[in-house]
1. Considering each of 538, 575, 600 in turn, give the residue that is closer than 21 Å to residue 505 by Cβ, assigned to a helix (DSSP H, G or I) and free of Cβ contacts under 8 Å to residues at least 12 places away in the same chain.
2. Can you tell me which residues in region 29-59 are more than 13 Å from residue 106 (Cα to Cα), open to solvent by 20 Å² or more (accessible area, probe 1.4 Å) and in a helix (DSSP H, G or I)?
3. What are the pairs with Cβ atoms under 8 angstrom where one residue, in region 512-525, is of a type in the set (Asp, Glu) and the other, located anywhere, is modelled with pLDDT of 90 or more? Sequence gap at least six, or different chains.
4. Applying the selection to region 173-209, what residues are touching a residue at least 24 places away in the same chain (Cβ under 8 Å), basic (Lys, Arg) and closer than 30 Å to residue 227 by Cβ?
5. Condition first: open to solvent by 80 Å² or more (accessible area, probe 1.4 Å) and among the polar types (S, T, N, Q). Now tell me which residues in region 533-582 satisfy that.
6. Can you find even one residue in region 118-125 that is over 21 Å from residue 51 (Cα atoms) and in contact (Cβ under 8 Å) with a residue 40 or more places away in the chain?
7. Run down 475, 498 and say which single residue is at pLDDT 50 or above, farther than 27 Å from residue 412 by Cβ, in contact with a Phe, Trp or Tyr (Cβ under 7 Å, 6 or more places away or on another chain) and of a type outside the set (Phe, Trp, Tyr).
8. Out of 172, 134, 81, which single residue is open to solvent by 50 Å² or more (accessible area, probe 1.4 Å) and outside any helix (DSSP H, G or I)?
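The values are calculated or read from the model by the stated rules, or taken from the named source; none is laboratory data. Predicted model, so just to flag it, every value in this text is computed and none were measured. Cβ: placed from backbone, ideal geometry, glycine included. Neighbour counts: every protein chain shown. These area figures cover heavy atoms from the full protein model, side chains too; ligands, DNA and RNA do not enter into them. Shrake-Rupley method; radii C 1.70, N 1.55, O 1.52, S 1.80 Å.
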Amino acid sequence: MDPETTDLPTPCTSSAAVVDRLRRSLSSCSQLIQTGVDFHKSEQSLSDLVLFLNSISDSFVREPENQDLENASFQILTEIRLFITSSSVDQQAVIDALSFELPKTAARFACVSPRCMEVAQSIVDCFTDKCSPRDMLSILCEAIGSPRDAFTVPSYFAPLLSGFPKVFVSIRRRQFEQVKAAVPVILNALKAIVLDSDDKDADLGDIFHKANCIADSMKAVCLELEGKDNEKLCALLGLFVLQITALASMGIEYRLAHSSPLVLKLSHFLQSCGLSYLGLIMGTDVEKLLGIAVGDGGDDLVGCFSDIWLGASILVIWGYKSNEVALAAGADLVALKDELQSSRIKRWHAVGMLKHVLLCLYLPLELKKDAINFLLSIMYPKLSQMPNDENEDYSTYMPTLCSALQAIQVVIMYATDVILRKNAFAAFKELLADCPTSLRFDILRALIKDGDSSSMIAVLLDCVREEVRLESSKSPPASKVSKAESEGSQGTIFWSSSALELVELVLRPPGGGPPSLPEHSDAVLSALNLYRFILIKESTGKSNNSGVLSRDSLVKAHSEWLLPLRTLVTRMMAEAQCDSDELALCGLNPVEVVLYRCIELVEQLL
């Protein structure tokens, strides 16, 4: 064996020396593979060639500004392309053997410079032209599925991704199974690119252009299939489009993505896959696609579609922002909003889908603004079509509504944009108002019980106080209502003992003991204000709808809520004054004032 191919070489900086070494290595590999006499020697020769080439690409990673290495890399790729394009048909064994290693090696050199990427892509194209599509599918999947850390950049993946469209359309047997096996590898690579990318640059735009070309090739294969395979591949294409929509929204600057041809191209696929904006924003089309393409035993496949619910919502938001995009999707936004405004259940499903946009950490702020604005646009139901359904059981929708409201809470608390926070709070109140009274109370109780933000719990208790005020203002005077009617009333859910339950959740937490101060000062102050409001409302109105004026209730509040809290506040105030902690004093002073007023009222009533 040639001694220059047996020892691991050190990188050469002279382009001429590198190319000469490469030419001799390729010739040696070719001869050993063609003769087929010694399989071990041919394998070793190919391995040494790969080690030599990788040593050059590794050197560039260590010295990215080295122009000599860039020139050497370009010459290497040019020589490889010249070799494989000049090979005759009787050297197919050589091409096949090289195809297992050189596409991945060429992709490493694509990271060096734009001109290297161009040649690397042409090398991948040569192999896809000359080799078995089934073999190339496995080779490409292995290459994009196992890059080294130093090469997890868009320029490494771009040449490899460009090979999939040609491979997909060239497969002639078991097309659905072959494409189905490759899709998770492609999507996982795309997600890794997006999450690892430091900035939203043009390279990502090129990556998603190639992803769109892959979708085009899947659509072309769909046209060749019939029956079940056609249905399943169309569903798989739909899921693929939803996933890359979500990834593109995370990776490309929103204004750029919104105005780019990519959005229009992705929207064009919706009609081919039988998808509608209504089905997407309700989630029903997503479930349908999963059922067709994945079935019951596709847990591994489901993992690569983790963002399809997000993608479905984003496609609708894109259409909401652009008539051109909606037209490409074959959608009528006016009809969509009319449908959602006319149906409470459909509206709730849509809200449940939009939470994916609001909770995603990787999406730009502008997209969340549009999501909130779209939510507001569908939250004004047609009053003539509003059902009188206070007695209906909507408990099955409570998890969806709670999670959606929690997502809006996140925006209210953490968004840096003032207008977005204001609109999010408006959407929060609109969604609460859209719920029947009994469901609204259950939701508020769950949010207060599970909440970990004192300020947000305070806001929720303020909402409860407003509900109590509204119900009490609508209730007839106590003298005109019998005790049985009062206890059996379905219209006074907040104006009842239920409101006191919410006060107790804060003033005497389920874990026992008084609340933590000053961390929970906002929530405690709001709970005390709610309790004081109910006391005054009941005593001045000479009613007792809430039961707050009963002796047992007053004694319980006095001994279990107020006195333990007074002891805690007194101690905390003393400590804050001793430490000159102005911030703690600012939080505790209002609590102390309202607390003592509540104690005075209770003691007077007792």
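1. When all the criteria are applied, what remains is 538.
2. Answer for region 29-59, where residues must be more than 13 Å from residue 106 (Cα to Cα), open to solvent by 20 Å² or more (accessible area, probe 1.4 Å) and in a helix (DSSP H, G or I): 31, 32, 33, 34, 35, 39, 40, 41, 43, 44, 47.
3. 519/454; 522/454; 522/455; 522/457; 522/458
4. 180
5. Once the filter is applied, which keeps residues that are open to solvent by 80 Å² or more (accessible area, probe 1.4 Å) and among the polar types (S, T, N, Q), region 533-582 yields 540, 567, 577, 580.
6. Checking region 118-125: at least one residue is over 21 Å from residue 51 (Cα atoms) and in contact (Cβ under 8 Å) with a residue 40 or more places away in the chain.
7. Among 475, 498, only 475 is at pLDDT 50 or above, farther than 27 Å from residue 412 by Cβ, in contact with a Phe, Trp or Tyr (Cβ under 7 Å, 6 or more places away or on another chain) and of a type outside the set (Phe, Trp, Tyr).
8. Checking each option against the conditions leaves just 172.
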